[in-house]
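Encoded as structure tokens, the structure appears first; notes follow it.
The values are calculated or read from the model by the stated rules, or taken from the named source; none is laboratory data. Nothing here was measured: the structure is a model prediction, and the numbers come from that model. Cβ: placed from backbone, ideal geometry, glycine included. Neighbour counts: every protein chain shown.
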Amino acid sequence: MVALAALTMSVMSATAPEAAAEPCPDAEVIFARGTTELPGVGPVGEAFVDSVRARIGTKSVGVYAVDYPATTAFSTAIQGIADARNHILATAASCPDTKMVLGGFSQGAAVMGFVTASVVPDGVAPLDIPTPMPPEIADHVAAVVLFGKPSTRFMKAINDPDVVVGPNYTAKASELCVDNDLVCDAHGRSFSAHNQYVELGLVDQGAVFAVQRLQASWTADEAEPSTSTPEALSAPVQAVAQPQHTESTAETLPGPAPLPGPATFTQTSSGAPAA
């Protein structure tokens, strides 16, 4: 019986297919959900990913949900900053050709905004927050799309530093805020507005922006000019036209406090906090 069992296990192990490592996707959306939303990318993140995939054609799009508590204890957002940072660095190293899209909603937008920072925010001890990412990592990021990013007024009210997208990412960032949203609108008074990003079309606007940035990045990669030169000949020859180089056109945390679940915001594609 023992010999038969051993033979059976040997046959099973020999015939079982080996798990193959997943190939690097053409693009990857790294998204941080909002306060109190269930683990994953959250409703806004899901709608955003679906909208990007619907517009991207045959390109593959991976998804990574930032792992952090997303509770009303906004200080735990630091865990999200660290997790997103680590994943971004790992992706840039293991899948250098993958174009990343960084996104977040509500508290998650603050998380991702802090991830892009080039300096430690004022009032925060350097040892209390992950160090800023190396500048060259920005070359692997095609777009940053933030929905309902907490305003300066909101962050001041919970005694946390302002969320400012770093200078290496501002040209490729879009911040969307629903009018009168208490969280992101500097003069907003409505919590219910914070839950209208999908229905008011702001998620689709963000997806359009991300896809445009992705396509521009891929076009720029494919249009890199040749560095070779024709060999010298004994007789004059007609000059060989060099491939034309096309460059993409730049477009332009520690945690927030109790936020309602999903939410929605007004678009600004300048990279500046929504007012």
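The set of residues from the stretch 162-180 being under 15 Å from residue 120 (Cα atoms) and surrounded by fewer than 19 Cβ atoms within 10 Å (Cβ to Cβ) comprises 162, 167.
Residue count for the stretch 181-192 under the criterion of being crowded, with 19+ Cβ neighbours inside 10 Å and outside any loop (DSSP other than H, G, I, E, B): the result is 1. Residues of the stretch 152-165 that are closer than 24 Å to residue 45 by Cβ and either charged (D, E, K, R) or touching a strand residue (DSSP E or B) at 6+ places or on another chain (Cβ under 9 Å) (or both): 160, 162, 163, 165. Every test in (1) assigned to a loop (DSSP other than H, G, I, E, B); (2) surrounded by 23 or more Cβ atoms within 10 Å (Cβ to Cβ); (3) of a type outside the set (Val, Ile, Thr); (4) at pLDDT 95 or above is passed by residue 265 save one, and that test is (4).
Among all residues of the stretch 237-253, there is at least one that is at pLDDT below 85, buried (at least 23 other Cβ atoms within 10 Å of the Cβ) and not in a strand (DSSP E or B). Taken together, 195, 159 contain a single residue that is of a type in the set (S, T, N, Q), surrounded by fewer than 24 Cβ atoms within 10 Å (Cβ to Cβ) and modelled with pLDDT under 95, which is 159. In summary, residue 81 fulfils each of the numbered conditions (1) buried (at least 23 other Cβ atoms within 10 Å of the Cβ); (2) closer than 20 Å to residue 60 by Cα with the single exception of condition (2).
Surrounded by fewer than 17 Cβ atoms within 10 Å (Cβ to Cβ) and in a helix (DSSP H, G or I): does that describe residue 93?
Against the criterion (surrounded by fewer than 17 Cβ atoms within 10 Å (Cβ to Cβ) and in a helix (DSSP H, G or I)), residue 93 qualifies.
Sub-6 Å Cβ pairs linking a first residue in the stretch 108-135 that is over 22 Å from residue 70 (Cβ atoms) to a second residue that is assigned to a helix (DSSP H, G or I), at least 6 apart or interchain, are 120/126, ordered by first then second residue.
For residue 98, indicate whether it is of a type outside the set (Phe, Trp, Tyr) and more than 20 Å from residue 216 (Cβ to Cβ). Considered against the rule, which asks whether it is of a type outside the set (Phe, Trp, Tyr) and more than 20 Å from residue 216 (Cβ to Cβ), residue 98 comes out as no.
When each of 178, 165 is tested for being modelled with pLDDT of 95 or more, under 17 Å from the mean Cα position of the chain (by Cα), in a loop (DSSP other than H, G, I, E, B) and closer than 26 Å to residue 50 by Cα, the lone residue that passes is 165. Applying a threshold of 8 Å to beta carbon distances and a minimum spacing of six or more residues, or different chains, the list of pairs starting in the stretch 213-231 at a residue that is of a type in the set (Ser, Thr, Tyr) and ending at one that is modelled with pLDDT under 65 reads 217/248; 219/246; 219/248; 226/242; 226/243.
Residue by residue, here is whether (1) touching an Asp or Glu at 6+ places or on another chain (Cβ under 9 Å); (2) in a loop (DSSP other than H, G, I, E, B); (3) of a type in the set (Val, Ile, Thr); (4) modelled with pLDDT of 95 or more holds:
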site	(1), (2), (3), (4)
20	no, yes, no, no
34	no, yes, no, yes
43	yes, no, no, yes
62	yes, no, no, yes
